[in-house]
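Undergrad: Please see the structure below; I have some questions.
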Amino acid sequence: MELKLKSISPEGIDSALSRAELYRSLNEPQEAESICQDVLAVQPDHQLAQRLLGLAITDQFTGTSSDRCLEAESAFQHLTDRYERLYYKGLVHERRAKAQLLAGRQPHTVLVLLEEAMQCYEKAEKIRPHGNDEAILRWNRCVRLIQAYAKSEWLPEIEHFEMGDGAP
């Protein structure tokens, strides 16, 4: 038996995307991702589908090298609005950093990701639509995340060698 994907109807796109949002809220990002791929097969430039696809991919970050960061960034790069491209690029970096912290990575190893996220949010803030404070809210979350760790945890570990045992 040959397995072949079936196309959804253009009329079913709105309902499909509602389901994708539901699956994301149920913590089933693979289901949401699949739906977004079905929508994009019918309407490749559908902005909500691109956004939800990128978010569904970031929902699956585990802090390992198998995280599909480039795929998430690619989905967001298809967004036509410059503000959204910057905002969601920052979100990829932020979610990657948080996933790595949850996976046990040392804070100093993910600081660069948080800094990159904050740079994106800062650029997005400058061009944000009136009344849209999302970039500011994300910036503040990054700051609070950094503040949650002691300053020493954000610095690379320096090995201290003890003199003794005949060492010069």
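Undergrad: Has segment 144-152 got at least one residue that is touching a residue at least 24 places away in the same chain (Cβ under 8 Å), closer than 30 Å to Ser18 by Cβ and either in a helix (DSSP H, G or I) or among the small types (Gly, Ala, Ser) (or both)? Give the derivation first.
TA: Of the residues in segment 144-152, the ones touching a residue at least 24 places away in the same chain (Cβ under 8 Å) are 145-146, 149.
If we keep only those that are closer than 30 Å to Ser18 by Cβ too, we end up with none.
Scanning segment 144-152 turns up no residue that is touching a residue at least 24 places away in the same chain (Cβ under 8 Å), closer than 30 Å to Ser18 by Cβ and either in a helix (DSSP H, G or I) or among the small types (Gly, Ala, Ser) (or both).
Undergrad: Taking the conditions exactly as written (buried (at least 18 other Cβ atoms within 10 Å of the Cβ) and either not assigned by TED's automatic domain parsing to the domain that holds Pro29 or not polar (S, T, N, Q) (or both)), does Ala103 satisfy them or not?
TA: Details: buried (at least 18 other Cβ atoms within 10 Å of the Cβ): no; either not assigned by TED's automatic domain parsing to the domain that holds Pro29 or not polar (S, T, N, Q) (or both): yes.
Answer is no for this residue.
Undergrad: Show me the helices (runs of 4 or more DSSP H) entirely contained within segment 1-89 in which 3 or more residues are more than 14 Å from the chain's Cα centre (by Cα) and β-branched (Val, Ile, Thr). Quick ask: steps written out before the conclusion?
TA: Working: elements: 13-25, 29-42, 47-59, 69-77.
Counting at least 3 such residues, we get 29-42.
Undergrad: Kindly indicate whether any position in segment 85-99 is assigned by TED's automatic domain parsing to the domain that holds Asp133, surrounded by fewer than 21 Cβ atoms within 10 Å (Cβ to Cβ) and farther than 30 Å from Ser152 by Cβ.
TA: yes
Undergrad: Another one. When you check Glu116 against the structure, is it over 20 Å from Cys69 (Cα atoms) and crowded, with 16+ Cβ neighbours inside 10 Å, yes or no? Let's see the steps before the verdict.
TA: Details: over 20 Å from Cys69 (Cα atoms): no; crowded, with 16+ Cβ neighbours inside 10 Å: yes.
Criteria not met by Glu116.
Undergrad: Going through segment 1-35 one residue at a time, which ones are closer than 23 Å to Thr80 by Cα, free of Cβ contacts under 8 Å to residues at least 24 places away in the same chain and surrounded by 15 or more Cβ atoms within 10 Å (Cβ to Cβ)?
TA: Residues satisfying the conditions are Ala16, Ser34, Ile35.
Undergrad: Looking at (1) in the same structural domain as Arg19 (by TED's automatic domain parsing); (2) buried (at least 20 other Cβ atoms within 10 Å of the Cβ), find the lone condition where Asp45 falls short.
TA: Answer for Asp45: the failing condition is (2).
Undergrad: How many residues are acidic (Asp, Glu) and in contact with a Phe, Trp or Tyr (Cβ under 6 Å, 6 or more places away or on another chain) if we restrict to segment 1-52?
TA: Looking only at segment 1-52, we keep the residues that are acidic (Asp, Glu), and these are 2, 11, 14, 21, 28, 31, 33, 38, 45.
Still in the running and in contact with a Phe, Trp or Tyr (Cβ under 6 Å, 6 or more places away or on another chain): 31.
Residues flagged as acidic (Asp, Glu) and in contact with a Phe, Trp or Tyr (Cβ under 6 Å, 6 or more places away or on another chain) within segment 1-52 amount to 1.
The values are calculated or read from the model by the stated rules, or taken from the named source; none is laboratory data. Since the model is a prediction, treat every value here as computed from it, not as a measurement. Positions of Cβ are backbone-derived with ideal geometry, glycine not excepted, and every protein chain shown enters the neighbour counts.
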